[in-house]
Amino acid sequence: MKTPILPFLFLLFSLDTYGQSIMGKVQGGDASPMPFVNVLLLNSSDSTLVKGAISDEAGNYTIENVRPGTYLLAATMVGYKKAYASPVAITQGQSDVKAPLLTLLQDTKLLKEVTVVTTRPFVEQQIDRTVVNVANSIIASGSTALEVLEKAPGVTVDRQNDGIALRGKDGVIVMIDGRQTYLAMADVVALLRNTSSDNIDNIELITNPSAKYDAAGNSGIINIRMKKNNNIGTNGALSIAGGSGRFDRERGSLQLNHRTRKLNLFGNYSANRGGNYWTLITDQDRTEGEERTVIYQDTHLRFRDWGQNAKAGLDYSISQHTTIGLVWTGFWSSHREEGPASSYFRNETNGPVYLEAQTVKTLASVVSNQIGNLNFQHTFGKKGGQLTADIDVGRFERIFSNSLVTQTTQGNEPSAVMDGLYNRMPTNIDIRTFKTDYNRSLSGNWKMEAGLKHSSVRTDNNLTLSRGPVDNIQPDPLLSNHFQYTERVNAAYASLSGKLGSKTELMLGLRAEHTHSVGNSLTLNNVVKRDYVNLFPSVFISRPLTKNHSLSLSYSRRIDRPSYESLNPARSYADPYLYSQGNAYLQPQYTQVLEVKHGYKGKIFTSLGASYTGDLIFYVIQPVDNTTTERTPLNIGQSQVYNLTLSFPVKVWEGFTLQTTLLGFYSQFEYIYLGIPMRMQQVSGRLNGTGAFILGKGWTAELTGWLNTPRVNAMVRSPWLGSLDAGLQKTLSSRLKAKFSVQDIFHTNGFVGEIRTPGYNRTFRLSFDTRVAMLNLTYTFGNQQLKGMRQRKTGSEEEMQRTN
């Protein structure tokens with residue numbers, strides 16, 4: 001598809017704008033200029049934030065592209081009382097406005113106190129998203145990104161199959177700093193498992209993204225924001241943590257930042273080492289005709305992980321209106337699993353064992369993932385809008401190996417020779433993306449935004465599977481496979497936002513995406529090509545009903561393209577009797593999402609959502625013969641998921657408020673299994689609660705937990721599940737803090753499930769080393785008071801999650 005780029009951009013630049021600028025000055029109580037102060041532009045009606053600016057060395061500031069209306073101005077700085085100016089009115093066609101003087105006075109009470117009286121809550125409910133504030137959390141300190149994500153409202157981590165679901169739906173897109181990882185979900189889970197939480201600022205859960213975002217992800221977006229210190233001068237933080245469950249864990253991180261008025265240099269590094277275990281007990285009962293097979297399997301694996309993350313970059317202000325940036329991010333990890341697995345086969349539940357298999361499993365995975373980003377931002381004067389551009393180049397490399405050595409016994413006669421099964425699978429993924437976005441104000445309180453994006457991904461996966469007696473293992477050409485996959489997506493979007501009347505805000509968006517993909521099995525000489533164009537409309541409407549009540553409505557259409565791993569027809573064996581295999585003919589699944597949200601005083605939020613998914617992708621587990629089971633992705637049917645969310649604070653006692661989130665789901669799945677129409681439906685729910693309270697004399701505490709009711713996901717049912725965590729923090733000085741936490745206090749964070757289909761029933765119970773005690777020390781240095789600098793997203797926002 002050819003996109004008419006030049007006429008498109010000409011149209012953007014030719015539109016007239018009517019945004020004015022507000023200029024003013026901030027001074028201290030002694031009338032001296034106050035540099036680097038946060039200046040906030042607020043709506044006069046409800047004091048919501050509209051825009052912000054930072055005062056320069058002379059105390060001057062400018063807020064550009066302000067729509068007509070009446071506003072309040074506020075100035076804030078640590079150690080000073082918030083200052084307000086009289087209301088400022090902006091009218092159509094007016095010249096730039098000179099704002100009243102803002103005067104900051106020192107807060108002597110605050111300067112004398114040592115105890116912090118307020119921090120960001122662990123979970124914040126906003127009208128368009130949920131934000132998990134990781135940086136200030138006691139419990140999150142010393143954890144991994146995956147462990148923190150599991151505590152987020154509506155997020156479910158499937159540790160058996162390395163999956164992540166949001167509000168009861170799979171297909172979520174995980175971003176890091178606004179960049180899509182382009183990795184298969186299993187690789188995303190591995191990356192998060194080896195990422196220290198001490199480098200994370202917050203996590204955003206966006207269930208209904210606008211047209212600006214890629215259309216990928218049928219259940220929404222999880223955006224993990226890493227820390228970036230924006231203070232003037234040289235600043236940093238050092239954190240070390242250690243602890244243990246059944247196995248030890250050690251973590252450390254360092255953040256550095258140096259900023260002048262034109263240049264911002266930043267970087268961070270973290271290392272993560274530790275052990276874990278994986279215990280899986282499975283019962284299977286399968287019937288084919290008159291033949292019945294009952295299988296009991298018991299697997300015990302020990303893990304060792306070593307991970308490193310690094311990030312370095314700079315932002316440089318070429319002029320008042322132009323900034324360029326360069327960012328490099330690297331992730332490295334090493335994962336190893338070892339342990340025994342036992343399998344027992346019977347013809348009836350309590351019958352004699354006719355086949356026994358004892359397997360020793362050894363798995364190793366070494367990963368390198370690096371991304372470079374070049375970005376550009378330019379503002380066209382005071383009324384000309386803003387243009388941004390990003391170029392991303394990424395390289396993912398993984399070497400995976402899996403060794404299975406099995407001794408079988410039939411009756412009472414053990415096999416004279418042990419059998420070996422060995423997988424080796426190197427994977428390389430190259431990613432190239434370019435995107436540009438442009439926005440500007442129009443007449444009559446309206447704003448337009450538009451952009452283009454191109455992404456190109458090439459993956460090369462060469463599986464060699466060898467089998468035979470352990471002393472003579474030979475490559476199996478029938479089961480080995482060399483698979484290459486390329487995918488190019490060209491996209492364009494436009495959105496228009498503004499006010500209908502004086503209260504109703506409207507945003508209309510349309511995104512078009514053209515996808516061209518080629519899957520090529522060199523071994524099987526099989527090529528699957530796809531070429532399709534989709535339109536993805538989105539609508540957002542919001543309106544304040546009264547002073548305390550607000551209402552919003554949103555609709556969007558989304559796509560979930562198959563991951564590269566799920567398209568690869570090669571087999572990957574978990575044990576000699578269970579393998580996973582991709583499906584080269586897998587189709588994308590499409591979802592339509594509708595959501596209504598209500599807010600009360602900015603504290604209590606209620607939402608009602610519905611989603612409809614067609615060509616549902618699901619990993620089907622089914623028997624191949626009386627001993628072997630296959631796990632493969634199929635487009636099996638359709639699903640409907642309805643959810644009700646209620647988030648509200650509960651005051652337990654003075655100084656301790658528990659932020660509570662209740663989620664209710666109704667799920668209905670209709671699909672075909674082995675030629676038989678099936679229908680599954682169930683009502684389920686989830687409760688999340690988190691709160692922090694001050695104990696005095698520098699001590700604070702935190703409590704968080706979640707509880708899941710029984711639920712169903714297509715074929716899989718799970719019972720009640722939950723977890724409870726607690727933490728304690730001592731402020732030793734203004735720069736040194738000690739945090740102690742215990743996660744999963746009652747060791748209930750496991751996974752239990754069952755599959756019941758005609759001729760095949762399976763139950764499984766999975767447990768990990770989740771009850772862990774951690775001690776974390778954090779020391780900050782440099783100037784910690786003066787804030788500033790831009791926050792930007794980059795080009796490869798929605799790509800790297802599907803690689804493999």
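The values are calculated or read from the model by the stated rules, or taken from the named source; none is laboratory data. These figures come from a predicted structure and were not determined experimentally. Cβ sites come from the backbone with ideal geometry, for glycine too, and all protein chains shown count toward neighbours. Heads up: the accessible areas ignore ligands, DNA and RNA and are worked out on the full protein's heavy atoms, side chains in. Shrake-Rupley method; radii C 1.70, N 1.55, O 1.52, S 1.80 Å.
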Exercise for the section: Kindly list, by first and then second residue, each pair from a residue in segment 559-586 that is within 22 Å of residue 364 (Cβ to Cβ) and touching a residue at least 24 places away in the same chain (Cβ under 8 Å) to a residue that is of a type in the set (Asp, Glu) and not in a strand (DSSP E or B), limited to pairs with Cβ atoms under 7 Å and residues at least 6 apart or on different chains. Expected result: 582/565
Practice task
Spot the failing condition for residue 557; the list is (1) in a helix (DSSP H, G or I); (2) modelled with pLDDT of 90 or more, and only one is missed.
Solution key: (1)
Practice task
For residues that are open to solvent by 70 Å² or more (accessible area, probe 1.4 Å) and under 26 Å from residue 439 (Cβ atoms), tally how many sit in segment 347-375.
Solution key: 1
Exercise for the section: Determine if segment 558-580 includes at least one residue that is open to solvent by 40 Å² or more (accessible area, probe 1.4 Å) and either touching a Pro at 6+ places or on another chain (Cβ under 8 Å) or of a type in the set (Val, Ile, Thr) (or both). Expected result: no
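From 475, 426, grab the single residue that is open to solvent by less than 50 Å² (accessible area, probe 1.4 Å) and under 27 Å from residue 368 (Cβ atoms). Steps first, please.
On the way: 475 fails: open to solvent by less than 50 Å² (accessible area, probe 1.4 Å).
After applying the criteria, what remains is 426.
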Practice task
Return a yes/no flag: does segment 531-540 have any residue that is of a type outside the set (Val, Ile, Thr) and in contact with a helix residue (DSSP H, G or I) (Cβ under 8 Å, 6 or more places away or on another chain).
Solution key: no
Exercise for the section: Kindly indicate which of 384, 394 is crowded, with 16+ Cβ neighbours inside 10 Å, in a loop (DSSP other than H, G, I, E, B) and either in contact (Cβ under 8 Å) with a residue 24 or more places away in the chain or not aromatic (Phe, Trp, Tyr) (or both). Expected result: 384
Exercise for the section: Only strands (runs of 3 or more DSSP E) wholly contained in segment 44-111 count here; list those with 3 or more residues that are among the aliphatic types (A, V, I, L, M) and at pLDDT 85 or above. Expected result: 69-76
Practice task
Considering each of 218, 276 in turn, give the residue that is out of contact with any Leu (no Cβ under 8 Å at 6 or more places or on another chain), outside any strand (DSSP E or B), farther than 25 Å from residue 201 by Cα and open to solvent by less than 60 Å² (accessible area, probe 1.4 Å).
Solution key: 218
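Can you pull out every residue in segment 479-516 that is farther than 25 Å from residue 437 by Cβ and either charged (D, E, K, R) or without any contact (Cβ under 8 Å) to a residue 60 or more places away in the chain (or both)? Outline the logic, then answer.
First pass over segment 479-516, keeping only residues farther than 25 Å from residue 437 by Cβ: 479-486, 501-504.
482, 484, 486, 501, 502, 503, 504, listed by residue number.
Residue-by-condition table, conditions (1) part of a strand (DSSP E or B); (2) at pLDDT 95 or above; (3) under 30 Å from residue 188 (Cβ atoms); (4) touching a Leu at 6+ places or on another chain (Cβ under 7 Å):
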position: 428; (1), (2), (3), (4): yes, yes, yes, no
position: 444; (1), (2), (3), (4): no, no, no, no
position: 463; (1), (2), (3), (4): yes, no, yes, no
position: 492; (1), (2), (3), (4): yes, yes, yes, yes
position: 505; (1), (2), (3), (4): yes, no, no, no
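What do you reckon, is residue 339 in contact (Cβ under 8 Å) with a residue 12 or more places away in the chain, in a strand (DSSP E or B) and within 26 Å of the chain's Cα centre (by Cα)? Reasoning before the result, please.
Working: in contact (Cβ under 8 Å) with a residue 12 or more places away in the chain: yes; in a strand (DSSP E or B): yes; within 26 Å of the chain's Cα centre (by Cα): no.
So residue 339 does not fit the description; no.
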Problem - Residues satisfying the stated conditions in segment 658-703, i.e. assigned to a strand (DSSP E or B), open to solvent by 60 Å² or more (accessible area, probe 1.4 Å) and in contact (Cβ under 8 Å) with a residue 40 or more places away in the chain - result: 676, 694, 703
Fill in the blank from the handout: Condition set open to solvent by 40 Å² or more (accessible area, probe 1.4 Å) and within 31 Å of the chain's Cα centre (by Cα), scope segment 498-519, selection farthest from residue 549 (Cα to Cα): answer is 516
Completion exercise
Within segment 360-396, residues being of a type in the set (Ser, Thr, Tyr) and within 24 Å of residue 193 (Cβ to Cβ) number 3
Problem - Number of positions in segment 521-549 that are farther than 26 Å from residue 210 by Cα and open to solvent by less than 40 Å² (accessible area, probe 1.4 Å) - result: 2
Practice task
Check off (1) under 30 Å from residue 285 (Cβ atoms); (2) at pLDDT below 90 for residue 383 and give me the number that stays unchecked.
Solution key: (1)
Completion exercise
The condition from (1) under 20 Å from residue 334 (Cα atoms); (2) open to solvent by 10 Å² or more (accessible area, probe 1.4 Å); (3) in contact with a helix residue (DSSP H, G or I) (Cβ under 7 Å, 6 or more places away or on another chain) that residue 247 misses is numbered (3)
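Just the residues that are part of a strand (DSSP E or B), open to solvent by 40 Å² or more (accessible area, probe 1.4 Å) and farther than 23 Å from residue 167 by Cβ, please, taken from segment 635-657. I'd like the intermediate steps shown before the answer.
Pass one, segment 635-657, residues part of a strand (DSSP E or B): 635-653, 656-657.
After this cut, where a residue has to be open to solvent by 40 Å² or more (accessible area, probe 1.4 Å) as well, the list is 635, 638, 640, 642, 644, 646, 648-653, 657.
Once the filter is applied, which keeps residues that are part of a strand (DSSP E or B), open to solvent by 40 Å² or more (accessible area, probe 1.4 Å) and farther than 23 Å from residue 167 by Cβ, segment 635-657 yields 651, 652, 653, 657.
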Problem - Selected residue (criterion: farthest from residue 712 (Cα to Cα)) from residues of segment 753-769 that are buried (at least 17 other Cβ atoms within 10 Å of the Cβ) and not polar (S, T, N, Q) - result: 769
